[in-house]
Amino acid sequence: MPTATAIINLDIEGPTISRHLYGHFAEHLGRCVYGGFWVGEDSPIPNEGGIRLDVVDALRALNIPNLRWPGGCFADEYHWQDGIGPRELRPRMVNTHWGNVEENNHFGTHEFMALCELLGAEPYISGNVGSGTVREMSEWVEYLTRDGDSPMVRLRKANGREEPWRVRFWGIGNETWGCGGNMRAEYSADLARQYATYCRDHGDNKLYRIASGASDDDYKWTETLMQQISCFGCEATPRTYFQGISVHYYTLAGPWEAKGSAIEFGAEDHYRTMLSARRVDRILTGHSTVMDVYDPRRTVGLVLDEWGTWWDVEPGTNPGFLFQQNTMRDALVASTHFDVFHRHAARLHMANIAQTVNVLQAMLLTDGDALVLTPTYHVFEMNKGHQDATSLPVHLRSESARRRVGDDELETVSASASVKDGSLLVSVSNLDAEESAEVSLDLRGGRIGEPYARILTADKVQAHNTPQAPTAVTPRPFDDLTVTDRGLSLTLPPHSFVTVQAPVTLAD
């Protein structure tokens, strides 16, 4: 049986793990908004103002910290004033990016803000740089966040909202290297400075502006953006055009043109997927290293506002709707990502899984009045204790917990840890689809009380939840652990994710 040791220093604190690393993403794409979040006020499905309440309840259980909207690629063809005022009078458009279907704009700014209020989540709005104007985005900020009297304030009040909202997070475009305008890095960086200048702070609403950043390992794009706000090796605080830079990275098992099935895959596909998921560590390290050169004090945040698995769409569904099932393999991609995020918490300020409902690596799948919690949802729920906790360094020794995958080697155990309010939370994944793993938690600098553990696994890595079998993959108590002189010993079955919680007391 493969073995691994995780050395955890209970008395050495790392950076705080921002709750915003557990963020979400909702695009006007397929059935994410319409049929997912929004069913309309006349729907027999329980709703509040048209917002589906079972979806709200499920997401509130995750302590959802933020929600990114309206895209994605859709953001750069979306004109926000089409989505305000009486719904029956709102102009329609064609969603050319996703399915070439008609968009009626019934879910717009006020509906999105009402959704965020129901969720208890902060809104993250992605502005239109690709086909919009500086004035359009500036006025959207004013409409949402300004108090007193102004043209946009009067328009907001005429549409039924007297008080301004608080909206900190604003994306300056989306994927400007691709669907957001096919721009060069230099041109996109100039636009980021220009748009950010006119996205103003109104009153005490201080904006966190996020410049559209790189795809995958395009470190030159990040450097071009950083050069707009600082200089090589500068000690001075960077200029405040924007406070964050985005990056997008998706996990694939093969090439883009043949991504493979979400549920029909073999062991080799699984291991290639795990290698791809682990690559996010190198991606974040590369971008962070570039940013460190220009911002050694780490005042500018890295924002991974699109991440997750991307498979071929389910047979019989609209190929532009990106609906895919969600298996135990997807859950392990999520758990591995969170371990990486926790290690990068000093620079990584936010991350948003793509997407929340019915699209790509979703938390929730809806089918009429049925709601399914996916395996990925359960990873978010089991890990929510890491939000705003203090990360603890984890040194993993796993010489035997490895597999050859082509010319590469996959480390098959992943782990991270944090402490908050006197409680330790350790997350451990066994990425091996075929073998169990013996994992020793070597806890140093303190002692723990009675541990409580849960496990997420299934009889096979392809297992997934459906309306007919909603609990095929669901957490349950885990008791295959032993208290030792050094900490804990756990036996993890194949393709499993375990969390261990325990009160902790530091050594004198």
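The values are calculated or read from the model by the stated rules, or taken from the named source; none is laboratory data. Note that the structure is a prediction, hence the values are computed from the model and not measured. Note that we place each Cβ from the backbone using ideal geometry, even for glycine, and neighbour counts take in every protein chain shown. Please note that ligands, DNA and RNA were not included when accessible areas were found on the heavy atoms of the full protein model with its side chains. Shrake-Rupley method; radii C 1.70, N 1.55, O 1.52, S 1.80 Å.
In the full protein context, the chain carries 38 Å² of accessible surface per residue, based on a 1.4 Å probe and ignoring ligands, DNA and RNA.
The GluC sites (Glu not before Pro) of the stretch 365-459 meeting both criteria, a DSSP state outside H, G, I, E and B (loop) and at most 16 other C-beta atoms within 10 angstrom of the site's C-beta, are GLU399, GLU434, GLU435.
Span-like helix check, the chain: qualifying full DSSP H segments, with Cα axial length of 24 Å or more and mean Kyte-Doolittle of -1.0 or more, are 267-294. Take the Cα radius of gyration of the stretch 1-75 and divide it by 2.2 N^0.38 Å, N being the number of residues; the result is 1.67.
On the protein heavy atoms, probe 1.4 angstrom, tell me the percent of accessible surface of the chain carried by carbon and sulfur.
On the way: 9280 of 19260 Å².
Whole-percent figure for carbon plus sulfur exposure: 48.
Between LEU89 and ASN318, the C-beta separation translates, for a Förster distance of 30 Å, into a calculated FRET efficiency of about 0.60.
Among the GluC sites (Glu not before Pro) in the stretch 1-55, those placed in a DSSP loop whose Cβ has at most 15 other Cβ atoms within 10 Å are GLU13, GLU41.
For the chain, the 222 nm mean residue ellipticity estimated from helices alone, with every DSSP H stretch of n ≥ 4 adding -39500 (n - 2.57) and the total spread over all residues, rounds to -7000 deg cm²/dmol. According to the calculation over all Cα-Cα pairs in the chain, the P(r) per 20 Å bin from zero is 23, 56, 20, 1 %. Put the Cα centre of the stretch 238-298 next to the Cα centre of the stretch 419-455 and the gap is 25 Å.
Taking 20 °C and 1.002 mPa s as the conditions, I'd like the Stokes-Einstein D for the stretch 381-428 in µm²/s, using the Kirkwood hydrodynamic radius from alpha carbon pairs.
On the way: Rh = 12.5 Å.
Estimated diffusion coefficient is 172 µm²/s.
If you plug the beta carbon distance of GLU399 and GLU450 into 1/(1 + (r/R0)^6) with R0 = 41 Å, you get a FRET efficiency near 0.85.
What do you get when you divide the Cα radius of gyration of the stretch 167-211 by 2.2 N^0.38 Å, with N the number of residues?
Details: Rg = 11.5 Å, N = 45, 2.2 N^0.38 = 9.3 Å.
In units of the 2.2 N^0.38 Å rule of thumb, it is 1.23.
For CYS234, the solvent-accessible surface computed with a 1.4 Å probe is close to 30 Å², ligands and nucleic acids excluded.
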